[in-house]
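Q: Quick one: structure below, then a few questions.
The values are calculated or read from the model by the stated rules, or taken from the named source; none is laboratory data. Computed from a prediction, not measured in an experiment: that's the story for all the values here. When we count neighbours, we look across all protein chains shown, and the Cβ atoms used for this are built from the backbone with ideal geometry, even at glycine.
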Amino acid sequence: MLIYEYKLDGNKQQYAAIDEAIRVVQFIRNKCLRLWMDTRGINKNDLQCYCAVLAKEYSFARTLNSQARQASADRAWAAISRFYENCLNHKPGKKGYPKFQHDNRSVEYKTTGWKLDPDGRHITFIDGCGIGSLRLVGNPKQHIETFPLKQIKRVRILRRADGYYVQFGVQAERQIEHTSTGSVVGIDMGLKVFYTDSNGNTVANPRHYRKAEKKLKRLHREVSRKQKKSKNRKKARQRLAKASLKVQRQREDFARKTASTLVSSHDLIAYEHLQIRNMVKNHKLAKSIHDAAWGQFLSLVKAYGIMHNVPVIAVPPHYTSQDCSRCGERVKKTLSTRTHVCPKCGLVMDRDENGAVNILAKALNEGTLGHRETHERAS
Ligand SMILES: [Zn+2]
């Protein structure tokens, strides 16, 4: 699935209509969840049928396109099945019992309820929500109108801190001609630098991280200093939301460029399979920014790997930083030991580079054991 995003340009009334549609989605999702909580043995199909019941019962629910209503029920089911899965897999800690949602920010249409102008400049929503026709503002290089309509599988409207956006989900596989470079690489993700590869090259953390971190901290403080429910607090929250959005975009931009360069210049990439989720927990803002960036970066590397037909292999994270990459001797290190010094064979190497070499070796030796992941989202 490729994602094409545009900003939406409309008037106040239209934005209010979008807000209302978003509220209806949340209403249906929460109603479905309620039904599941109150009734034993409810399945996905029951929730789908319940949509029709809700549409009959509530006139405002009826205004939303029927496929969009179903998509809202599917959201409830996604939360429920995630919870079931966590229980089945005996996931440690909280199982994520589904919660009622209060902050929904999107509405998803499928193949009906909207019309795209042949020139790709406007989209019109034609269900009862009254959103009407909106102008599409985006990168002039992207042309959603060039895809056959039946390949556009979903149209999602999102509300962000700086306005309304639309994302088109297009069913297409993007294949890129990969020029073989004969080079294989292992990467070790770190805190000091973004990553170190098995050839000793490093990619530094982007400078805007630190700057953004400071700014976000200050804005957080401002929000908490303002009186609850006051106008000023609302304004401060808005400023924080905008700044966070900017950081997200810079992060994505950096991740996309770095991942694209990495994949197009190698024939195989090995990385360490880290439990990103566990890493984010209980950490300071700085660390969590990095963790989120790694997660995003790795999924982009996988996505580009699929496009370029370059294998991207995850290896289990056992002793990759401890073992000597030349002789295999286990050399214990603390987190602060930055250099690997092997007492057996005398190898002296940067800690992360040694790790990256081990990661690559693992992927090459146990290539069949390391699992190759596929990823849905490649845009
Ligand atoms: Zn050694």
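Q: Out of everything in segment 112-168 that is more than 20 Å from the chain's Cα centre (by Cα) and among the small types (Gly, Ala, Ser), what residue ends up being surrounded by the most Cβ atoms within 10 Å (Cβ to Cβ)?
A: The extreme case among them is GLY113.
Q: Another question, then. Yes or no: segment 244-259 includes at least one residue that is touching a residue at least 24 places away in the same chain (Cβ under 8 Å), over 19 Å from the mean Cα position of the chain (by Cα), surrounded by 14 or more Cβ atoms within 10 Å (Cβ to Cβ) and assigned to a helix (DSSP H, G or I).
A: no
Q: Counting only residues that are among the β-branched types (Val, Ile, Thr) and within 13 Å of the ligand (Cβ to nearest atom), how many does segment 307-330 have?
A: Qualifying residue count for the region: 0.
Q: Hey, another quick one. Hand me the list of helices (runs of 4 or more DSSP H) wholly inside segment 1-105 holding 3 or more residues that are crowded, with 19+ Cβ neighbours inside 10 Å.
A: Where helices (runs of 4 or more DSSP H) fall fully within segment 1-105 and carry at least 3 residues being crowded, with 19+ Cβ neighbours inside 10 Å, they are 12-38, 44-57, 66-88.
Q: Additional query: Inside segment 1-58, can you point out the residues that are under 15 Å from TYR109 (Cα atoms) and within 24 Å of the chain's Cα centre (by Cα)?
A: ILE3, TYR4, GLU5, ILE18, ASP19, ALA21, ILE22, ARG23, VAL25, GLN26, ARG29
Q: Among the candidates ASN86, ASN104, single out the residue that is of a type in the set (S, T, N, Q) and modelled with pLDDT of 95 or more.
A: ASN104
Q: In addition: Show the residue pairs that are 6+ apart or on different chains and have beta-carbon atoms under 6 Å apart, the first residue being within segment 331-355 and within 13 Å of the ligand (Cβ to nearest atom), the second being among the small types (Gly, Ala, Ser).
A: From residues that are within 13 Å of the ligand (Cβ to nearest atom), the pairs are ASN354/SER325.
Q: Identify the single condition in (1) away from the ligand (no atom under 16 Å from the Cβ); (2) in contact (Cβ under 8 Å) with a residue 60 or more places away in the chain that VAL301 does not satisfy, given that it satisfies every other one.
A: With respect to (1) away from the ligand (no atom under 16 Å from the Cβ); (2) in contact (Cβ under 8 Å) with a residue 60 or more places away in the chain, VAL301 is out only on (2).
Q: How many of the residues in segment 116-173 are among the hydrophobic types (A, V, I, L, M, F, W, C), outside any strand (DSSP E or B) and closer than 19 Å to THR63 by Cβ?
A: Matching residues across segment 116-173 total 3.
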